[in-house]
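See structure below.
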Amino acid sequence: EYIIRVQRGISMENSWQIVRRYSDFDLLNNSLQIAGLSLPLPPKKLIGNMDREFIAERQKGLQNYLNVITTNHILSNCELVKKFLDPNNYSANYTEIALQQVSMFFRSEPKWEVVEPLKDIGWRIRKKYFLMKIKNQPKERLVLSWADLGPDKYLSDKDFQCLIKLLPSCLHPYIYRVTFATANESSALLIRMFNEKGTLKDLIYKAKPKDPFLKKYCNPKKIQGLELQQIKTYGRQILEVLKFLHDKGFPYGHLHASNVMLDGDTCRLLDLENSLLGLPSFYRSYFSQFRKINTLESVDVHCFGHLLYEMTYGRPPDSVPVDSFPPAPSMAVVAVLESTLSCEACKNGMPTISRLLQMPLFSDVLLTTSEKPQFKIPTKLKEALRIAKECIEKRLIEEQKQIHQHRRLTRAQSHHGSEEERKKRKILARKKSKRSALENSEEHSVKYSNSNNSGISALPPPPPPLPPPAAPLPPASTEAPAQLSPQAVNGVSRGALLSSIQNFQKGTLRKAETCDHSAPKIG
C-alpha cells in the first residue's frame with residue numbers, strides 16, 4: 001500500500017491523504033489507455049516485490065507516473081483521475097443524476113425523447129450530453145446538455161432562470177442556435193441541433209464528434225494546422241461574436257476549440273450558458289497564473305490565443321507563456337500569437353478584442369453574412385449580469401493574488417534553501433565567528449596587560465591640574481575715563497590686562513629658527 005498526499009490549489013489546509021495499492025494504479029492505467037498515450041507506469045513484479053530496495057524504487061516510479069498525469073491538461077481534468085485522487089468528492093454517478101433530472105423535466109414536456117447518452121464527449125465531469133429526437137419528427141437529431149452550478153454562479157435564482165430561458169431568442173450568424181432552454185435552482189438543460197461534422201476541434205484533430213473526449217484529443221494521430229485562409233476567416237468570425245457579446249454586457253469566458261461549432265465555412269459559438277451557471281473555464285489553470293489577465297474580456301482574448309495556436313499548428317502549446325513560436329503560414333499569425341501568449345503579453349496584459357480585429361491578419365477579411373444579430377436583454381437583467389461579471393472578476397483577482405504570494409514565498413524558501421545560499425551562509429557564519437573570536441582575544445589581552453601594570457587603572461588618565469593663580473597685576477591707570485573702566489573677567493580686571501600689554505618688551509623674547517618651505521620650487 002502506498003500513501004498519497006493530495007493538495008488542491010495552494011492552501012496546505014486543502015489537502016488529504018489516500019491509500020492506494022499497485023493494483024489501483026494498474027486499473028487507472030488500463031482505463032486511461034483510451035487516450036492513446038504511453039504512460040510510465042512501473043511494470044508488475046511477482047517475486048521479490050516486498051524487498052525494501054524494490055519498494056523504494058517503485059515508489060519513485062509511481063510518483064513519476066502521477067506527475068505525468070497531473071501535468072497533462074486533459075488527463076488532469078478527466079473524471080477517472082479525479083476519482084482516483086479525490087474519491088470523497090467524486091463518488092457520485094453524474095450520468096445517473098443527469099438522467100434523473102432530464103426524466104423529471106420530460107414528465108411535463110412529452111414531445112422529447114432520449115435516444116442515447118453521449119458518454120464522455122465533453123471534458124466537464126458535471127456536464128452530460130444525450131442524443132435526442134422529437135416524437136413527431138423522428139429523423140431529426142438533437143443534443144441535450146445538462147449541467148449543474150459552478151463556483152462562479154452569482155445570479156439570483158430568478159435572474160438565472162430568466163436569462164437561461166432568454167438564450168433561444170439570441171440570433172447571431174456566429175452563435176449556434178439554442179432550440180430550447182430551461183433551468184431550476186440547481187441546474188440547466190439546453191437542446192440544440194446535432195451537427196454531424198462536429199466542432200472546430202474535431203476538424204483540427206480529424207475526430208468523430210461522438211467519440212470520448214480523451215480518445216479524440218489527447219493524442220492526435222496526425223498533427224496538421226489549418227490553411228491560412230481558414231485561420232483568417234474563422235478567427236475573424238470568432239472575434240466578431242466575442243465583441244458582440246461584450247458590447248451587450250454578456251460575460252462569456254469559455255472560448256476553446258470544442259466550444260466552436262462548424263457549419264460549412266462558418267464558425268458558431270457554443271455554451272453561452274456556462275457563464276450564467278458559473279462554471280470554470282477550460283483554460284483557467286493557465287490565466288489564473290497571470291495577474292494582468294483579470295477581466296472577462298482579457299480572459300477571452302487569452303483563450304483566443306490558445307485557439308489560434310491550435311488552428312495554426314494542429315495542437316495546443318506545450319506550455320504558456322510561449323517563448324518562441326514555430327514557423328507559421330504568415331508572420332501576421334505570429335504577431336497575434338505574440339500579443340496573446342508571449343511572456344511580455346502575459347506580464348503586461350492582453351490587447352482588446354477591437355485591437356485584434358484591427359491587426360493585419362483579420363482586418364482585410366470580408367464577411368458575407370446578411371443575418372442581423374438580435375439579443376434583447378431587459379435593463380434589469382443587464383444590471384444583474386454586470387454585478388455577476390464583477391463578482392467573477394473579483395474572485396479571479398483574489399485567486400491570482402494568492403497564487404502570486406504563494407509563488408513569492410516558495411521562491412524565497414527555495415532560494416534560502418539552495419546549496420549556493422547554504423554555502424554563503426556558512427562562509428558568513430565562519431567570518432562572523434572569526435571576527436568575534438578576534439575581538440574577544442583583543443579584549444582579553446588588554447585586560448591581561450592592565451592587570452600587570454602595577455596598579456595603573458585601565459581608565460583614561462585624569463585631566464591635567466589647573467594652573468596656579470596669576471600674580472596680582474598693578475592697579476588700573478587713573479588716566480582712563482571712568483566710563484571706560486573695564487569690568488572684571490574671571491576675577492581679573494581688564495585694566496590689569498591692558499597694563500600688561502603696554503609694559504610688553506620685545507627684547508625679552510627668545511630667538512627662534514624657522515625653515516620656510518612656502519617658496520615655489522622648479523623641478
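The values are calculated or read from the model by the stated rules, or taken from the named source; none is laboratory data. Note that the coordinates shown come from a computational prediction; the quantities given were computed from them, not determined experimentally. For neighbour counting, all protein chains shown are included, and Cβ atoms are generated from backbone atoms with ideal geometry for every residue, glycine included. Surface accessibility is based on the protein's heavy atoms, side chains included, excluding ligands, DNA and RNA. Shrake-Rupley method; radii C 1.70, N 1.55, O 1.52, S 1.80 Å.
Cβ-Cβ distances below 6 Å connect the following pairs, each with a first residue in the range 310-324 that is touching a residue at least 24 places away in the same chain (Cβ under 8 Å), a second residue that is open to solvent by 70 Å² or more (accessible area, probe 1.4 Å) and part of a loop (DSSP other than H, G, I, E, B), and a separation of six or more residues or different chains: Gly314/Ile223; Gly314/Gln224; Arg315/Ile223. The residues of the range 379-394 that are under 18 Å from the mean Cα position of the chain (by Cα) and loosely packed, with under 14 Cβ neighbours inside 10 Å amount to a single one, Lys394. Scanning the range 42-59 for residues that are loosely packed, with under 11 Cβ neighbours inside 10 Å and in contact with a helix residue (DSSP H, G or I) (Cβ under 8 Å, 6 or more places away or on another chain) yields Lys44, Gly48. For the range 171-189, a residue qualifies if it is out of contact with any helix residue (DSSP H, G or I) (no Cβ under 7 Å at 6 or more places or on another chain) and buried (at least 20 other Cβ atoms within 10 Å of the Cβ), and exactly one does: Tyr176. The set of residues in the range 201-211 being charged (D, E, K, R), assigned to a loop (DSSP other than H, G, I, E, B) and crowded, with 17+ Cβ neighbours inside 10 Å consists of Asp211 alone. Candidates in the range 92-107 are the residues that are open to solvent by 60 Å² or more (accessible area, probe 1.4 Å) and in a loop (DSSP other than H, G, I, E, B); of these, the one that is modelled with the highest pLDDT is Asn93. Of the set (1) in a helix (DSSP H, G or I); (2) at pLDDT below 90; (3) under 27 Å from Thr410 (Cα atoms), all apply to Glu13 but (1). When the range 311-329 is filtered for residues that are in a helix (DSSP H, G or I) and either within 17 Å of the chain's Cα centre (by Cα) or farther than 19 Å from Leu357 by Cα (or both), only Tyr313 remains.
Residues checked against (1) modelled with pLDDT under 75; (2) assigned by the TED database to the domain that holds Tyr154; (3) closer than 30 Å to Ser339 by Cβ; (4) part of a loop (DSSP other than H, G, I, E, B):
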| site | (1), (2), (3), (4) |
| --- | --- |
| Lys376 | no, yes, no, yes |
| Lys380 | no, yes, no, no |
| Glu390 | no, yes, yes, no |
| Ala412 | no, no, no, no |
| Arg430 | no, no, no, no |
| Ser433 | no, no, no, no |
| Asn440 | yes, no, no, no |
| Pro461 | yes, no, no, yes |
| Pro465 | yes, no, no, yes |
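Could you list, in sequence order, all residues of the range 325-367 that are of a type in the set (Val, Ile, Thr) and under 18 Å from Lys243 (Cα atoms)? Correct list: Val336, Thr340, Thr352, Ile353, Val365.
Applying the criterion of being in contact with a strand residue (DSSP E or B) (Cβ under 7 Å, 6 or more places away or on another chain) and within 16 Å of Pro317 (Cβ to Cβ) to the residues of the range 338-378, the residue that is surrounded by the most Cβ atoms within 10 Å (Cβ to Cβ) is Leu341. If you filter the range 102-124 down to residues that are within 27 Å of Pro280 (Cβ to Cβ) and without any contact (Cβ under 8 Å) to a residue 24 or more places away in the chain, you find that the one that is farthest from the chain's Cα centre (by Cα) is Met104. Taken together, Leu39, Leu32, Leu75, Leu62 contain a single residue that is open to solvent by less than 40 Å² (accessible area, probe 1.4 Å), over 20 Å from Lys215 (Cβ atoms), within 29 Å of the chain's Cα centre (by Cα) and not assigned by the TED database to the domain that holds Arg315, which is Leu62.
Val68 fulfils the conditions (1) part of a helix (DSSP H, G or I); (2) open to solvent by less than 50 Å² (accessible area, probe 1.4 Å); (3) not assigned by the TED database to the domain that holds Tyr217 except for a single criterion, (2).
Condition first: surrounded by fewer than 22 Cβ atoms within 10 Å (Cβ to Cβ) and in a strand (DSSP E or B). Now tell me which residues in the range 212-262 satisfy that. Leu262, the sole residue that qualifies. Counting only residues that are open to solvent by 10 Å² or more (accessible area, probe 1.4 Å), touching a helix residue (DSSP H, G or I) at 6+ places or on another chain (Cβ under 9 Å) and outside any loop (DSSP other than H, G, I, E, B), the range 190-200 holds 1 of them. Which of the residues belonging to the range 318-336 are crowded, with 17+ Cβ neighbours inside 10 Å and within 21 Å of Arg291 (Cβ to Cβ)? Answer for the range 318-336, where residues must be crowded, with 17+ Cβ neighbours inside 10 Å and within 21 Å of Arg291 (Cβ to Cβ): Val320, Pro321, Val322.
The lone criterion from (1) in contact with a Leu (Cβ under 8 Å, 6 or more places away or on another chain); (2) open to solvent by 40 Å² or more (accessible area, probe 1.4 Å); (3) on the phi < 0 side of the Ramachandran plot left unmet by Asp120 is number (3). I'm trying to understand the selection: among the residues of the range 1-27, which are more than 30 Å from the chain's Cα centre (by Cα), free of Cβ contacts under 8 Å to residues at least 60 places away in the same chain and open to solvent by less than 50 Å² (accessible area, probe 1.4 Å)? Hits for the range 1-27 are Tyr22, Phe25, Asp26.
Do we find a residue being touching a strand residue (DSSP E or B) at 6+ places or on another chain (Cβ under 6 Å) and under 30 Å from Gln161 (Cα atoms) anywhere in the range 379-386? Give the steps one after another, and end with the answer.
Step one: list which residues in the range 379-386 are touching a strand residue (DSSP E or B) at 6+ places or on another chain (Cβ under 6 Å), which gives none.
No; the residues of the range 379-386 include none that is touching a strand residue (DSSP E or B) at 6+ places or on another chain (Cβ under 6 Å) and under 30 Å from Gln161 (Cα atoms).
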